[in-house]
Structure formats: structure tokens, C-alpha cells
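One structure is given here, and the rest of the page talks about it.
The values are calculated or read from the model by the stated rules, or taken from the named source; none is laboratory data. This one's a predicted model, so the numbers in the text were calculated from it and none came from an experiment. Here the Cβ positions follow ideal geometry from the backbone for every residue, glycine too, while neighbour counts run over all protein chains shown. The accessibility values were calculated without ligands, DNA or RNA, using every heavy atom of the protein model including side chains. Shrake-Rupley method; radii C 1.70, N 1.55, O 1.52, S 1.80 Å.
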Amino acid sequence: MTIDDAPREALRGGPRELLRWVATGAAVSRADLSRLSGLSPSTVSQRVEALISQGLLEETGAGRSRGGRRPRQLAVPTGGAVVGAVDLGAHHARVGTLDLSGRVVQARTLPVRIEDGPEAVLGALLAEVATLVGDDPEASPGGSATGALRGIGIGIPGPVQHATGRIVSPSRMPGWNGFDVAAFCAGRVDVPVIVDNDANLMALGAHRTAHPELDHAVYIKAGTGIGSGVISSGRLHRGAQGSAGDISHCRVVADPAPPCTCGNAGCLEAVASGAALVTALRGQGVQVSDLTGVIRLIDDGDRQATALARQAGRAVGEILAVVVNFFNPQVVAIGGRLADCEPLLASMRATLYERCLPLATQSLLIERVATGQDVGITGAAHLVIDHVVAAS
Ligand SMILES: [Zn+2]
């Protein structure tokens, strides 16, 4: 059993958790780790030594003594090793390097034409990661552009078969169906590349940043498309093939039911995604070119755009109510560009309370994902860090 497959109870004091305690400042010494984990000092020492030998932890001198020899302090290295991260969207990609604690070192946003196809788009993004690593003097001692790179995490705005890194039937990504992202990248870089869908990356990034202490959470990503990522027992829940959390083609009440890219009608994505709002407004004769235009209209209180945002919020709330009743999370958070639309959020919240069991909502946190544009690359970095720790 790998660390990724182990139940959370068995992970108390596992290498990943020890690393997280040091990264968050909860622990600065072996004694702290022993106290937090309940593990014996010798077991903690053994695990810490393994993490140090992997370059995932370092010793930074002596801490405060409580009477005996002064304990050596532990820290996550902030220089010398980085993780590359890519969060691909419909029109833009966020590309960054992060240190082993998940802190962003450098990041930039690039325009992307997804219709240029996977080779061109991914080739350019991998080149950008190499440039960022090369630009970071701490990350590339000796001038080797990829010498300190420990891995690259990539988020794709469509369904990804996690075990193989292959894209399966994405909407609005012509030429990408069946493309093996992991194999393509493996032929170009000599570090591990881990591929997942963008909603899972947002879920992981938001969970590790805002609520690492909560075990059960659902994150909705509402942008051009719509999806969700599920944290169960503290870990990302992907299901058998990696499609867990993909709510985009769940049917919602809509009359008339708009046609969906999947061939059905009335799917959540056809009613509540940013792309659906653009299509619906154009159908009503409103001149709007993209999601940014829709959000501007909603912010300006445009009647038609606001009504559609409310309808979208009800549709999201309807599906989310089923998810909450079924899964009983502690927190539900919404992120993506539509998360700032108040009318959408208000109707989502109202529908959720109306349709959920009181027991499921009495202490449920409903909130916005607060970590901004770097949440996806943060999640991508944590995917890689977890992989590196599991392999150590
Ligand atoms: Zn559909």
C-alpha cells in the first residue's frame, strides 16, 4: 500500500504529515513532531532523517533549550529545490514555481489558445516552467535549468484519467480527446509529471491552504466550465477512474433544457457554466463576447444577466444539495471566476439550505475559495510534493 492509498488514521505521523507540520510552523523540532504525532522519538527521528536525505527537510541550527542540549530546528527548504506547476484554463494558463512547503516562488499568467492543440500548448507551458526555474538563482545553483526541479504538476480543464494522465472527452478542447499528457511531458522533462483536472487542483490547493484540519470538503470550480473536487478523509478523492466530483453533466431542472456539448440536454454545464451564460445571453440578443463581459453585466446589475446568474446558482445548489446529503462534508467552497457573482452565490446558498437535511447543514461552512489566482498551481505543487514524499 502506498501512502496515497493508506487510510488517514494510518497516516498519523506519516512523512507527509510530518512535513506539513513543519511547513505550517506547527512543529520546529523532532520533539514537537513526536508530541503532535504520538510517535516515539526514535520513530520520528528515523522519518525526519529520511526526509532530510531526500532534501525535503533541513536543519537550521539550534532552537531554544528546555534544560538539556539545545534541539536542532527543522525547516522546509525555501531555496534550492522547487516544484513546477501549470494551471491550464480555457484562455489563460497560470504557470509557477513553488518551494517544497507549497509557497509560490514565481508565477505568471500566459494567454493560451487551447484550439492550437496539446503539443503546441503543453510544449510552450513546459518551456515556461523551465524558464522560471532557470530565472530563480536559488533554484538553480550552478546554472542547471532543471537541476533543482523535483517535479511538475499540471491541471487540465477537462476530465483526466488519473492513473494514465490521459484526457477523456473534454468539452471545448478540440484535438485534446485521448491525448496522453503524462507521456508527452515525460518525453520532454526528466522529472515526474503529475496530471489532474483543474477542479481537483483547486480543491487540493484550497484545502491545504485554508482548511487542512478539516477531513471532508467539497470545492466547486465555476468558471468557463463547471466541476468539483472532493476531499474525503483528508485526501483528494478521485474514484475508480479519476472522474469523482465531475458534476458537469448531472441533470438539473431547466425549462427549456439547453443542449449540452455531451449530446444530452439540461446538464449543469449547459445551464450554470460561464460558457452557458455567454450562450444564453447571446440567445437573448445581448452582445457579449466572453465570460468577462457576462461578469461585468452581472456586476452592473443587468436584469437579464442577473436572472441567468440566479438560475445558475439554483442549478449549482440543486446538485450540491444531493452531494451534501450524500457526502456530509464539513465545508463547501466555491471558486473560479463565477464565485464572485453575488446573485449566483446567494441562490446557490438558499437552494442548498432548502434542499439539505438539517443534520447535514447545521454546522456546514459555505464559503468562497479565498486563495486567489494561485490556488490551482498551489494544488498542482502539493500533488508533486505528496508524490515526492510518498516515494521517499
Ligand atoms: Zn452534458
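Annotations for the structure displayed:
- Which numbered condition Q330 fails, given (1) free of Cβ contacts under 8 Å to residues at least 60 places away in the same chain; (2) touching a His at 6+ places or on another chain (Cβ under 7 Å); (3) more than 16 Å from the ligand (Cβ to nearest atom): (1)
- Residue check, A206 of a type in the set (G, A, S), away from the ligand (no atom under 16 Å from the Cβ) and either part of a helix (DSSP H, G or I) or under 30 Å from G134 (Cβ atoms) (or both): yes
Residue by residue, here is whether (1) at pLDDT below 80; (2) part of a loop (DSSP other than H, G, I, E, B); (3) of a type in the set (A, V, I, L, M) holds:
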position: A26; (1), (2), (3): no, yes, yes
position: L33; (1), (2), (3): no, no, yes
position: A50; (1), (2), (3): no, no, yes
position: R66; (1), (2), (3): yes, yes, no
position: R69; (1), (2), (3): yes, yes, no
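- Applying the criterion of being out of contact with any Ser or Thr (no Cβ under 9 Å at 6 or more places or on another chain) and open to solvent by 30 Å² or more (accessible area, probe 1.4 Å) to the residues of the range 258-279, the residue that is farthest from the ligand (Cβ to nearest atom) is T279.
- Filtering the range 245-257 to residues that are touching a residue at least 12 places away in the same chain (Cβ under 8 Å) and more than 10 Å from the ligand (Cβ to nearest atom) leaves G245, D246, I247, V252, V253, A254, A257.
- Of all residues in the range 205-235 being open to solvent by 30 Å² or more (accessible area, probe 1.4 Å) and polar (S, T, N, Q), the one that is nearest to the chain's Cα centre (by Cα): T209
- Residue ranges of helices (runs of 4 or more DSSP H) in the range 277-391 with at least 1 members out of contact with any Asp or Glu (no Cβ under 9 Å at 6 or more places or on another chain) and within 17 Å of K221 (Cβ to Cβ): 291-299, 303-327, 342-355, 375-391
- From the list R282, R251, the lone residue that is of a type outside the set (A, V, I, L, M, F, W, C), open to solvent by 60 Å² or more (accessible area, probe 1.4 Å) and within 25 Å of T361 (Cβ to Cβ) is R251.
- Contact map, the range 174-201: residues that are open to solvent by 10 Å² or more (accessible area, probe 1.4 Å) paired with residues that are hydroxyl-bearing (S, T, Y), Cβ distance under 8 Å, separation 6+ or inter-chain. Pairs shown: N177/S169; D180/T164; A182/T164; V189/T146; D190/T146; V191/T146.
- Checking R314, R282, R310 one by one, the residue that is more than 16 Å from the ligand (Cβ to nearest atom) and either within 19 Å of A90 (Cβ to Cβ) or out of contact with any helix residue (DSSP H, G or I) (no Cβ under 9 Å at 6 or more places or on another chain) (or both) is R282 and no other.
- Every residue from the range 353-372 that is touching a residue at least 24 places away in the same chain (Cβ under 8 Å) and touching a Ser or Thr at 6+ places or on another chain (Cβ under 7 Å): T371
- The C-beta contact set for the range 278-302 (first residue under 16 Å from R337 (Cα atoms), second residue open to solvent by 30 Å² or more (accessible area, probe 1.4 Å) and outside any helix (DSSP H, G or I), distance under 7 angstrom, 6+ apart or interchain) comprises V278/D290; L291/T224.
- Among residues of the range 42-54 that are within 10 Å of R30 (Cα to Cα), none has a beta-carbon under 8 Å from a residue that is assigned to a helix (DSSP H, G or I) and open to solvent by 40 Å² or more (accessible area, probe 1.4 Å) at least six positions away or on a different chain.
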